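The values are calculated or read from the model by the stated rules, or taken from the named source; none is laboratory data. The structure presented is a predicted model; accordingly, all values stated were derived computationally and were not measured. When we count neighbours, we look across all protein chains shown, and the Cβ atoms used for this are built from the backbone with ideal geometry, even at glycine.
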Amino acid sequence: MFETPELIAFALTLFAGLSTGVGSALAFFTKRTNTKALSLALGFSAGVMLYVSFIEMMPAGFEKAESAFGDVGAWYIVGSFFLGIAIVALIDKLVPEFENPHEVHTVEDMEKEDDEHDHKHLMRLGVLTAVALAIHNFPEGLVTFISALDDVTVGVSIAIAVAIHNIPEGIAVSVPIYYATKSKKKAFWYSFLSGLAEPLGAFLGCLFFCSILGDGAYGIIFAAVAGIMIYVSLDELLPAARRYGEHHLAIYGLIAGMAVMAVSLLII
């Protein structure tokens, strides 16, 4: 079922998903969160996703859909774009705010006193955050996989952007579980395993789409993927970048991400 392009795309998705473990490790092996670097990195990820969505994915979607469906193909692309936004917005809506993995957490949260927390509540919070993260990661896995399947260069860029995006989410899962259990091992594995939803999304995406993807299907999926990435950038990455650091740092990272993506597409 899997050939070389699919294996490369799957490997990139696995790399992106398992970076939640990096966030978990940072929570245990560093004393302070480098909020400025994290702010720049999150802004950079947003820049990559926004640039790829508008410059690469949407034009490719229009081209493929119009070749398959004619003039009406443009309507399919516009509808798919907003459907992608609606899907990820619905996922966010269904996840309670206090359990949302996109709430800002730092390494310093590890240093709070025990009597400030109810351990059962923290364990529940950590587990539900891991589940919420897995739900969020599922469409991101499909995004990375489909992008890499069409263009490895774009896939690598998106995989790196998603990996950066997943680092603070790994902290969000591991901090409450560590506090509840006092076990770094258990906190790490909950965080690490929650990232497996991304390769699972890639696997199911290939299972259902790889054998039937023609130009029309590719165009529709590209538009939906672009919608998902734009929503993630505007609703999650940029707000988190601003909360972690300064407004201008987030914008500098955003511009840098766009510039690197633009140059890499031109060169490669």
Response to the item:
Looking across region 216-253 at residues that are of a type in the set (D, E) and surrounded by fewer than 18 Cβ atoms within 10 Å (Cβ to Cβ), the single one that is modelled with the highest pLDDT is D235
Discussion item. Here's a check for you: in region 33-62, which residue that is within 15 Å of A240 (Cβ to Cβ) and among the polar types (S, T, N, Q) is surrounded by the most Cβ atoms within 10 Å (Cβ to Cβ)?
Written reply: S45
Item to complete: Give the residues of region 63-74 that are surrounded by fewer than 18 Cβ atoms within 10 Å (Cβ to Cβ) and in contact (Cβ under 8 Å) with a residue 24 or more places away in the chain, sorted by residue number.
Response: E63, S67, A68, F69
Worksheet item: Of these, V225, V156, which one is under 15 Å from the mean Cα position of the chain (by Cα) and farther than 25 Å from A86 by Cβ?
Response: V156
Fill in: Counted residues, region 154-192 - those being out of contact with any Gly (no Cβ under 9 Å at 6 or more places or on another chain), over 19 Å from L50 (Cβ atoms) and assigned to a helix (DSSP H, G or I)
3
Worksheet item: For residues in region 257-268 being over 22 Å from E169 (Cα atoms) and in contact with a Phe, Trp or Tyr (Cβ under 7 Å, 6 or more places away or on another chain), which is surrounded by the most Cβ atoms within 10 Å (Cβ to Cβ)?
Response: M261
